[in-house]
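These notes are about the structure you will find just below.
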Amino acid sequence: MKTIGIFDSGVGGITVLKAIRRALPTFDILYLGDTARVPYGTKSRETVLRYSLQVGDFLYRKGIDLLVIACNTATAYGLHEIRARYDIPVIGVIEPGAQATVALSRSGRIAVIGTSATVQSGQYRSTIQHYLPDADVREIACPMLVPLVEENWCGTDVAHLILQRYLGQLRGQVDTLVLGCTHYPMLKEDIARVLPGVTQVDSAEETARTIVGLTGVPAPGTLGTLGTTTYYMTDTSQRFAEIASSFLGESVGSIEHIDL
């Protein structure tokens, strides 16, 4: 196993890419952001599945050895269908995040924030309660957070006001918050200001740990030549490059535009 394919509707999957690169720096990574059709979280199951299979087909034809669905909505709506389509491992972000949540929560009082589609699917609630049947799980749809991140408004007064509106009701009610969208880790500091003391579960970090286990490479796997990262976008924009570069702490370099 040498090449990992990652896809998301936009820039959010960069959080997963960063975690995987840190854990497996010798692997080559192909990242595809379906930026022409972001966000997925407001679309129907049928549409999200169609988009996901188109993106998956593109990456599979590039010869990847493992596919990461770095989008909670696509994981919730299409993980089983996508796994059945390819003869390589396919990893979603919900199961790793749910397992980590169960391990971290002290009281079983848990909140999940995500896109409208992810919350409506109930996948986080059912997965968490599979491992912890008595868990009290509250799910909150936060549809404005993905556009907030895509507009690079993290750390602003606007971000604080929106998060206060969504999350203020949780203060003192939960001990663990699941960031049920891969865009949301970019808002970790903003969220901490609204919910101080609440443990945030980053599904990107947990997904990277799962992939390390599959590869059999001990983290951080620093032996050997550093791998390459190639970026594909269905709608290239300077904003994506700016946000991704800022989060990664380095320039993303050239981005290849593709049509699906």
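The figures follow:
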| item | result |
| --- | --- |
| Residue-averaged 222 nm ellipticity for the chain, from DSSP H runs of 4+ at -39500 (n - 2.57), nearest 500 | -13000 deg cm²/dmol |
| Positive minus negative residues near ARG138 (Lys, Arg vs Asp, Glu; Cβ under 10 Å) | 0 |
| Between 0 and 90°, nearest 10: helix 45-61 axis offset from the chain longest Cα axis | 30 |
| Charge sum, other residues only, whose C-beta stays under 12 Å from ILE128's C-beta, Lys/Arg counted +1 and Asp/Glu -1 | -1 |
| Probe 1.4 Å, all protein chains present, accessible-area order of LYS188, LYS62, largest first | LYS62, LYS188 |
| Cα gyration tensor category, rounded, prolate or oblate, for the range 33-169 with a/c compared to 1.5 | oblate |
| Sequence of ASP202, ASP134 from largest to smallest accessible area, 1.4 Å probe | ASP134, ASP202 |
| Accessible area of THR199 in the full protein assembly, 1.4 Å probe (Å², nearest 10) | 40 |
| Share of carbon and sulfur in the accessible heavy-atom surface of the range 86-197 [1.4 Å probe, %] | 50 |
| Set of lysines with alpha-carbon distance to LYS2 below 17 Å, sequence-local pairs under 8 removed | LYS18, LYS62 |
| Estimated FRET transfer efficiency when R0 is 35 angstrom, pair LYS62-ARG165 (beta carbons, to 0.05) | 0.25 |
| Cα-centred dipole magnitude for the range 141-203, charges only on beta-carbon of K, R (+1) and D, E (-1), debye, nearest 20 | 200 |
| Heavy-atom surface of the chain, accessible at 1.4 Å and reported per residue (Å²) | 42 |
| Exposed-site-free run, longest, the chain (rule: GluC sites (Glu not before Pro); DSSP loop; at most 16 other C-beta within 10 Å) | 1-150 |
| Dipole magnitude of the chain, debye to nearest 20 (Cβ charges: Lys/Arg +1, Asp/Glu -1, about Cα centre) | 360 |
| Computed magnitude of the charge dipole of the range 95-203 (debye, nearest 20; Cβ of K, R +1, Cβ of D, E -1) | 280 |
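The values are calculated or read from the model by the stated rules, or taken from the named source; none is laboratory data. As the structure is a computational prediction, the values presented were derived from the model and not from experiment. Here Cβ is always computed from backbone atoms with ideal geometry, including for glycine, and neighbour counts include all displayed protein chains. We work out accessible area using only protein heavy atoms, side chains counted, and drop any ligands, DNA or RNA first. Shrake-Rupley method; radii C 1.70, N 1.55, O 1.52, S 1.80 Å.
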